[in-house]
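Notes to accompany the following structure.
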Amino acid sequence: MKIFIDSADIDEIKQTYEWGVVDGITTNPSLLKQAVERRAAAGEKTDIRKYIEKILMTAKGTPVSLEVTERESKKMIEQGRRLFDMFNPVAKNVYIKIPVNPSFSEEDDIHFHGIEAIRTLAKMGIPINCTLIFTPEQALLAAKAGAKILSPFAGRIDDHLRKKMNIDFKKTDYFPADGIIEKGAPVDDNGIVSGIDLVRKCVQIVATYGLGSEVLAASLRNPRQVRDAALAGAHIGTLPFEVIKDMLKHGKTYEGMKNFTRDIVQEYADLK
Ligand code: E4P
C-alpha cells in the first residue's frame, strides 16, 4: 500500500519525505487553514502560492491533491483547471480533489455538481481525486466518471456508527474492521459496518470490474486502522503525521533498546 501524508504542514511533509516513507500528499481546506494558522501563531506570514509551490517541490514528483473550494460545477471546473494550470507546471504532480457531491443538503435532488466537475476535468486530462466518499456506490460512479483516485473516509464512517450507538469516543480510538455487534448483528450504515468495510467494498468493486482507479483509504486515525486498510487491499492510505509516528512505536521496542544498551560490550562499540 502506498502511504500518503494527510497534511498541509510543510515541516511535517519535509520530515516524512526525508524518512523516505511517503509516496504522496493529500491536503484539504481544513488542513490548509490549520497550517496557515499555526504559522501565523508562530509569527510567520504565509504567501499561499509560494507555500503550495514549496509543498509540490518537496513531494519530488509524487502526487499532491489540492481541493477545490467552489461548490457549483461550472465554478469547480474553472477553479480546478486554474489550480492545475497554475501549480502542475511546478513539479507535474497535481491531482485536483473534487467532492463526489458538494450539495449541503440531503434533500437536494437536482444538483449533482461533483460528478459533472469530475467528468469534465477528467476529460481535459486532469487527474482527479474524488473525495468525501461514504458509500461503494459513490465510488463506483466517481470511477466511471473518470476519477483516478477514490477517497472513502473510513474514520468518519466509524464516528457516524459510534454516534448511532451512543458510544463515547476519541477520534483516534480503534474501531473494529468487522463492526460492533448489537442485538446479534453488526450496527451498520446501509450495510457498511465500519470504515474499513467501506474501503474493502470499494476495492472489491474496482477490482471486479477493472475500473482502473486507485482506492485511497482516507480519514485513517490510528496504526491498527492503517494495517486493516492495507489488509483490505487499499492501494493508498493517507495518514496524519501523528499516525505515521505512532506506527513506529511499541513498548517492547523501547524495552528491547534499554536492554541492548545495558548489555553493550564497550570493546565492540569502540571497534574502528
Ligand atoms: C483525505 O483526503 C482527508 O483529507 C482526510 O483523510 C480527512 O480525515 P479526517 O476525517 O480525520 O479529518
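Derivation of every value follows stated rules applied to the coordinates shown; laboratory data play no part. Treat the numbers as computed from the prediction; the structure is a model and nothing was measured. Neighbour counts run over all protein chains shown; Cβ positions are idealised from the backbone, glycine included.
Most exposed first by the Cβ proxy, i.e. fewest other Cβ within 10 Å, how do Val193, Val243 rank? Don't jump to the answer; show the numbers that get you there.
Values: Val193 23, Val243 20.
Ascending number of Cβ neighbours within 10 Å: Val243, Val193.
Based on the mean of other Cβ atoms within 10 Å per residue, sort peptides 262-269, 89-96 so the most packed one is first.
Result, highest mean first: 89-96, 262-269.
Other residues lying with their Cβ under 12 Å from the Cβ of Arg38 contribute a combined charge of -3, Lys and Arg counting +1, Asp and Glu -1.
Based on C-alpha pairs under 8 angstrom that are at least 6 apart in sequence, the chain has a relative contact order of 16 percent. Indicate the gyration tensor shape class of the range 160-246 (rounded, prolate or oblate), computed on the Cα atoms with a ≥ b ≥ c the square roots of the eigenvalues: a/c under 1.5 is rounded; otherwise a/b larger than b/c is prolate and the rest oblate. In terms of gyration-tensor shape, oblate. Given springs between every Cα pair under 10 Å in a Gaussian network model of the chain, which of Ala59, Ala35, Ala177 has the largest fluctuation? Residue with maximal mean-square fluctuation among Ala59, Ala35, Ala177: Ala35. By the beta-carbon count within 10 Å of each Cβ, the least crowded to most crowded order of Ile180, Ile25, Ile115, fewest first, is Ile180, Ile115, Ile25. Sparse packing (at most 13 other Cβ atoms within 10 Å of the Cβ) combined with a DSSP loop state is found for the following trypsin sites (Lys or Arg not before Pro) in the range 116-190: Lys170, Lys171, Lys183. Could I get the Rg over Rh figure for the range 36-121? Both from C-alpha atoms, Rh via Kirkwood, rounded to two places. A ratio of 1.06. With springs connecting C-alpha atoms under 10 Å apart, model the chain as a Gaussian network and identify which of Met76, Met124, Met257 has the largest mean-square fluctuation. Residue with maximal mean-square fluctuation among Met76, Met124, Met257: Met257. Only helical runs count toward this figure. For the chain, summing -39,500 (n - 2.57) over DSSP H runs of n ≥ 4 and dividing by all residues gives -14500 deg cm²/dmol at 222 nm. Close amide H pairs (under 5 Å, H built 1.01 Å from N) link Glu214 with Ile149, Leu150, residues at least 5 positions away or on another chain. Of Tyr174, Tyr51, Tyr209, the residue with the greatest mean-square motion in the GNM of the chain, using alpha carbon springs below 10 Å, is Tyr209. In order along the range 140-150, phi translates into HN-Hα couplings of 4, 5, 4, 5, 5, 6, x, 5, 7, 10, 10 Hz, rounded to whole numbers, per the Karplus curve 6.51 cos²θ - 1.76 cosθ + 1.60 with θ = phi - 60° and x for Gly and Pro. Go through the range 39-87 and name the trypsin sites (Lys or Arg not before Pro) that are in a DSSP coil and have 14 or fewer other Cβ atoms within 10 Å of their Cβ. Those satisfying the criteria are Lys45, Lys60. Of all DSSP beta bridges located in the chain, what percent are antiparallel, nearest 5? Of those bridges, close to 10 percent are antiparallel. Our compactness index for the chain, the C-alpha radius of gyration over the empirical 2.2 N^0.38 Å, is 1.12. Calculated from the alpha-carbon coordinates, the range 118-272 shows an Rg and a Dmax of 20.4, 68 Å respectively.
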